[in-house]
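Values in this text are rule-based calculations from the coordinates and carry no lab data. Note that the structure is predicted; figures quoted are calculated from it, not measured. Cβ atoms come from the backbone with ideal geometry, glycine included; neighbour counts cover every protein chain shown.
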Amino acid sequence: MSLKSRIAIGATAGALSIATAVVSYYEGYKPTTYRDPVGIPTICYGHTATARMGQTLSQEECTALLEADLGDAFTAVDRRAQVELPPPTQAALASFVYNVGEGAFARSTLLRKLNAGDLRGACNELSRWVYAGGRKLNGLVKRRATERELCLAGVEQSTRPAP
């Protein structure tokens, strides 16, 4: 394996660790199904795809769902982004995609700015995604502020001259 491949794997692992921390903090751990603010059955760390009302899952099952769902979010970011992303920016966007879905990301101004090379502008778009069901939610305001800060930290990191 080449050094470049090893570095890329390490950076992705770092991004995954960062995204896991952000997602688990903002989603919270709830092993029993509940309805999210717009009525979607949700379980564990914000998992919706297979959640059914009345369901209870173990910590291990919830962790496996989080890992799989975050893997899907990273895959979506990698598939849609046509620019190199520093790990903090990649982590922020994976957290965002985890929350809003690949379809919303694919249609977003955020992605258009990202692929036009305007990483800073793309990061700033995160602040606009604070509504669910037509209502501004304080939890989303806080989450997007964290994702934006993380996203911009990656941009700053990648534009700093090497020592």
Positions within the stretch 99-127 being surrounded by fewer than 12 Cβ atoms within 10 Å (Cβ to Cβ) and free of Cβ contacts under 8 Å to residues at least 12 places away in the same chain, in sequence order: Gly103, Arg107
Residues being surrounded by fewer than 16 Cβ atoms within 10 Å (Cβ to Cβ), under 13 Å from Arg143 (Cβ atoms) and either among the charged types (D, E, K, R) or over 16 Å from the mean Cα position of the chain (by Cα) (or both) - total across the stretch 25-35: 0
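Does Leu150 satisfy the criteria of being part of a helix (DSSP H, G or I), surrounded by 20 or more Cβ atoms within 10 Å (Cβ to Cβ) and free of Cβ contacts under 8 Å to residues at least 60 places away in the same chain?
Considered against the rule, which asks whether it is part of a helix (DSSP H, G or I), surrounded by 20 or more Cβ atoms within 10 Å (Cβ to Cβ) and free of Cβ contacts under 8 Å to residues at least 60 places away in the same chain, Leu150 comes out as no.
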Residues of the stretch 112-163 classified as more than 15 Å from Ala92 (Cα to Cα) and small (Gly, Ala, Ser), total: 7
Search result, residues across the stretch 28-41 that are over 10 Å from Cys62 (Cβ atoms) and not in a strand (DSSP E or B): Gly28, Asp36, Pro37, Val38, Gly39, Ile40
Enumeration of residues in the stretch 73-83 that are of a type in the set (D, E, K, R) and either touching a His at 6+ places or on another chain (Cβ under 8 Å) or crowded, with 16+ Cβ neighbours inside 10 Å (or both): Arg80
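Conditions (1) more than 15 Å from the chain's Cα centre (by Cα); (2) surrounded by fewer than 14 Cβ atoms within 10 Å (Cβ to Cβ), marked per residue:
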{"site": "Ser17", "(1), (2)": "no, yes"}
{"site": "Val23", "(1), (2)": "no, no"}
{"site": "Ile40", "(1), (2)": "yes, yes"}
{"site": "Ala49", "(1), (2)": "yes, yes"}
{"site": "Cys62", "(1), (2)": "yes, no"}
{"site": "Glu67", "(1), (2)": "no, yes"}
{"site": "Leu85", "(1), (2)": "no, no"}
{"site": "Pro88", "(1), (2)": "no, no"}
Lone qualifier among Leu110, Leu66 - being within 18 Å of Val23 (Cβ to Cβ), touching a Ser or Thr at 6+ places or on another chain (Cβ under 7 Å) and part of a helix (DSSP H, G or I): Leu66
